[in-house]
């Protein structure tokens, strides 16, 4: 589970008194990523390729609540122009397959962790249905290039999700 490494590194840093500036950047994610639900494997050669920034297609789907879900994001750099969206297609292929629910005026990511609320699944989406969360962002660097990440989920009832004891590591801690 490579995406958990940034979380564990930050926890270790907080306990040891180190600052995030002293940690080397994670090499298995882009400038930002979904910490939870687990994102598709990162591919540096596909990081700028929409819609998912990965040469891997849909893989393991993380169980995600139909209602009251949260997305845990991690950033290694300051970013802007962040868009977060969702597709209810089994295997979204284009940006048009996604409905944006956070646009660039609502989110900027700073190094660290950011927890955001996901919209409740709309009418007609049921337990067992699939979805893919999408993130598009631009790091504050030159040249400005858009990066992409996706996370594939399978919906479960909120009560079943909580009963499973899953810890989403969803909290807000930013640095710099």
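The values are calculated or read from the model by the stated rules, or taken from the named source; none is laboratory data. Keep in mind that this is a model prediction, so the values were computed, not measured. Using ideal geometry, Cβ is built from the backbone for each residue, glycine included, and neighbour counts are taken over all protein chains shown.
How many of the residues in the stretch 82-106 are more than 13 Å from the chain's Cα centre (by Cα), closer than 27 Å to residue 172 by Cβ and either surrounded by 17 or more Cβ atoms within 10 Å (Cβ to Cβ) or modelled with pLDDT of 95 or more (or both)? Outline the logic, then answer.
First, pick out the residues of the stretch 82-106 that are more than 13 Å from the chain's Cα centre (by Cα): 87-101, 103-106.
Now drop any that are not closer than 27 Å to residue 172 by Cβ, which leaves 87, 98-101, 103-106.
From what is left, the residues that are either surrounded by 17 or more Cβ atoms within 10 Å (Cβ to Cβ) or modelled with pLDDT of 95 or more (or both) are 87, 98-101.
Adding up the residues that qualify gives 5.
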- When residue 124 is evaluated against the numbered criteria (1) buried (at least 19 other Cβ atoms within 10 Å of the Cβ); (2) at pLDDT 85 or above, which criterion, by number, is the only one it fails? (1)
- Residues satisfying the stated conditions in the stretch 68-96, i.e. touching a residue at least 40 places away in the same chain (Cβ under 8 Å) and over 25 Å from residue 161 (Cβ atoms): 75, 76, 77, 78, 79, 80, 81, 82, 83, 93, 94, 95
- Could you please let me know if residue 142 is surrounded by fewer than 18 Cβ atoms within 10 Å (Cβ to Cβ), farther than 24 Å from residue 67 by Cβ, at pLDDT below 90 and out of contact with any helix residue (DSSP H, G or I) (no Cβ under 8 Å at 6 or more places or on another chain)? yes
- Message: Can you tell me which of (1) surrounded by 14 or more Cβ atoms within 10 Å (Cβ to Cβ); (2) over 21 Å from residue 52 (Cβ atoms); (3) within 13 Å of the chain's Cα centre (by Cα) is the one residue 110 doesn't meet?
- Response: (3)
- Query: Can you tell me which residues in the stretch 67-80 are modelled with pLDDT of 90 or more and surrounded by fewer than 19 Cβ atoms within 10 Å (Cβ to Cβ)?
  - Reply: 67, 68, 70
